[in-house]
Structures are given as C-alpha cells and as structure tokens.
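Comments concern the structure below.
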Amino acid sequence: MLDWDDLRFFLALARHGTLSAAAKVLHVSQSTVGRRLNTLEATLAVRLLNRTPDGYVLTLAGADVREKAERLEAEALALERDVTGRDTRLRGLVRVTCAETLAAHVLAPSFARLHQQHPDIMIELIPNPRELSLAMREADISLRLRQPEQHDLVVRRIGGIGFGIYATPDYVREQGILDVEDGCSGHRLITQLDDTQEMTQSAWLTDLASRATVVLQTSSHEAAVLAAANGGGLACLARFRGDEESRLTRIAVPTEPPGADILLLVHKDNRDTPRIRVVLTHITECIRELASILQPIDSSEQEIRTVAG
C-alpha cells in the first residue's frame, strides 16, 4: 500500500533537488530521504528521479506523480488547518518565523512575558532570512520586512524599522569622509544577499557608494553588524542594532536610507485559532511598545561624521 509519508519525502527531494537540502527541510538524515525514495519507487515499480551532477531531476513518471502528490498535499494541509482552527485551547505549539535580528533582539526577550501569562503555549522561534511557507505549515506566524509572495495570507503592518550607515570611528579616520559625488571611491561595503529581508537597503547603499568595493555579502544582519563593528567597512544597518553597538558610529548622508515596514503574516485559515491569536496580539504589542527604538525619528548624538558632496 502506498505510504503518504514516502510521497512527502519525494516532494521535498523533487522541490529542493539534493538529499542534503531535502533532509534539512524534513529534519531527518540524508540516508532517510534516500531510503524513502527507494521505497516509493519500489512500491510504484517506476523511477521517479534521476540523479545528475546538478542534483535530482524528475523523470516523466516523476513529474506526473509530483502533480498528483501536490494535490493530495494541498488537501491534507487544508484539512489540518481547518481542524487546527477549531482548537479553542490556549495551549500547544505556535511556530514563529522572522529575520535573525528581530528574533534575537526583539521577539525572544519578549516571550518571557508571554510565557508568564500563557504557560501552556510553547513557541518555536525560527530565525530565517527567507520566507517560510505558512500554507505548508512550515510556520504559523511570520514577521517580515517586505510583502510576501504567498497567497491566502492575512498581512498587517504593525510597525517600521529605520536604517542608517555605520562604520567604526577608526575606519572613518583611515578612509576619510564619504564623497557621494565621487561614488565613495576607496571605501569598503558590507551588504546583504539579494534574497534577504534587507536587500532594499543594500541596493540603496551600493547605489550611493557606486565606486566603493563590496568586500562582504551575507544573509545575516548580525554578521553585518559584527563585520562593521570590527572595522570591515560601511554597512546599512537597522538603527536599533547600529545605535546600540558601542564600536559603531552612524554616518550622516544627504538622503536617509529607506526604512522597512514590519509586516505580521498569518494564514487566513489560522488567524482565529486562539493560541495563534494570542501570539499575534503579543507580537503586535511588543513591536508597538518598541516603536521609538525600532524607528527613531530624532537625530542621533552618535552621528559624528558627514559626507562630501
């Protein structure tokens, strides 16, 4: 008899292309993924995936099975969301995903208060620079800095984040002030990878400093903070992180970096589940309480350098 769990492993491998990537998503070993694929192919008596130097590729039969398996998956997930939505207990697991910096410096510290009020709710906090699927139940709640590509989501803006350009005072003394008209020639840049939450701010920085050299790209905002704090170069950082880092100073520029909206996302089928609603309310209150820190509107006393041009 066909095992739905084998299909789930097959779908992960078909989507991600490698045993290691599929295993990471499924939280199992690579050998388990390979074994489940072999079991499914033996049950169906057909090869579903061919292994190539670039990863696993669907056969014609595999493409047909994937299409049917994805329909089954969608029905199973819809059933799960419907049942979950009827759970009236303020207990159980709630998965929350967000960017690493928000997880470490905003949400994680706030959850102590949530646990005091609702000790039977367990939070699974998943820092991830990329968007996890709420429809696929990879998470129940997402806190993001840009509009999602997923459908069937309830999206609400609950705050904003201000950004600034930062470097160490020693770096500024050694490299000189920013000559914007010259494209900041001779300076070093620390930027975010294109598919991360802060890609808009990184694009703005590389445009402002068009003649500077990008020396580090990272998917981690915390890595960018520490690289800049150790003299690595200029970085466009969230104000609530850059201002609190004693080794950094904020550099004045003619035009402020673009800010980012803080968006709270939940799947429409789960928004009324009591335990999820409690966490949604908690996160909203937390972000609003920190509004003056996350999006400062005054000039910082740390801003000690200007630019040329």
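Counting helices only, and only those DSSP H runs with n ≥ 4, report the 222 nm mean residue ellipticity of the chain as the sum of -39,500 (n - 2.57) divided by its residues, in deg cm²/dmol to the nearest 500. The partial results should precede the final answer.
Numbers: 11 runs with 122 residues, N = 309.
For the chain, the value works out to -12000 deg cm²/dmol.
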task = Binning at 5 Å from 0, report for the range 200-277 what percent of all alpha-carbon pair distances ends up in each bin.
result = 3, 12, 21, 20, 15, 6, 7, 7, 6, 2, 0
Carbon + sulfur, % of accessible area of the chain - ligands and nucleic acids excluded, 1.4 Å = 50
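Determine the dipole magnitude for the range 92-217: charges of +1 sit on the beta-carbon of Lys and Arg, -1 on that of Asp and Glu, nothing else is charged, the reference point is the Cα centre, and the result goes in debye to the nearest 20.
Values: 11 positive and 17 negative charges, 76 e Å.
The calculation lands at about 360 debye.
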task = Could you state the accessible area per residue of the chain in Å², with a 1.4 Å probe and every protein chain left in place?
result = 50
remark   = Once both label points are put 7 Å beyond Cα along the C-beta direction, the I177-K24 separation in nm becomes 4.4
key: Rotationally averaged projected area of the range 1-67 (alpha carbon convex hull; nm²)   = 4.1
request  = Could you work out the per residue convex hull volume over the alpha carbons of the chain, in cubic angstrom?
outcome  = 157
message = As an exercise, use a Förster radius of 30 Å and the Cβ-Cβ distance of Q150 and L216 to find the FRET efficiency, rounded to the nearest 0.05.
response = 0.50
Evaluated at q = 0.13 Å⁻¹: base-10 log I(q)/I(0), Debye formula over Cα of the range 1-124 = -0.72
request  = Rank H267, H27, H282 by mean-square fluctuation in a GNM of the chain with C-alpha springs under 10 angstrom and give only the top-ranked residue.
outcome  = H27
remark   = Projecting the Cα atoms of N38, W4, T52 onto the charge dipole of the range 1-53, where Lys and Arg contribute +1 and Asp and Glu -1 at Cβ, the residue farthest towards the positive end is T52
key: Principal axis dimensions, the range 52-158 - Cα atoms, whole angstrom, descending   = 54, 34, 25
task = Just order 60-69, 229-238, 146-155 by mean Cβ neighbour count inside 10 Å, highest at the front, would you?
result = 229-238, 60-69, 146-155
query = Which ³J(HN,Hα) values in Hz, rounded to whole numbers, follow from the phi angles of the range 150-161 under the Karplus curve 6.51 cos²θ - 1.76 cosθ + 1.60, where θ = phi - 60° and Gly and Pro get x?
reply = 6, 9, 6, 10, 9, 10, 9, 7, 10, x, x, 10
message = At 7 Å along Cα-to-Cβ for each site, give me the label-to-label distance between E256 and D120 in nm.
response = 4.5
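The values are calculated or read from the model by the stated rules, or taken from the named source; none is laboratory data. Note that this is a predicted model, so its numbers are computed, not measured. So basically every Cβ, Gly included, is an ideal-geometry build from the backbone, and we count neighbours across all protein chains shown. Note: accessible area is taken over every heavy atom of the protein model, side chains too, but ligands, DNA and RNA are not part of it. Shrake-Rupley method; radii C 1.70, N 1.55, O 1.52, S 1.80 Å.
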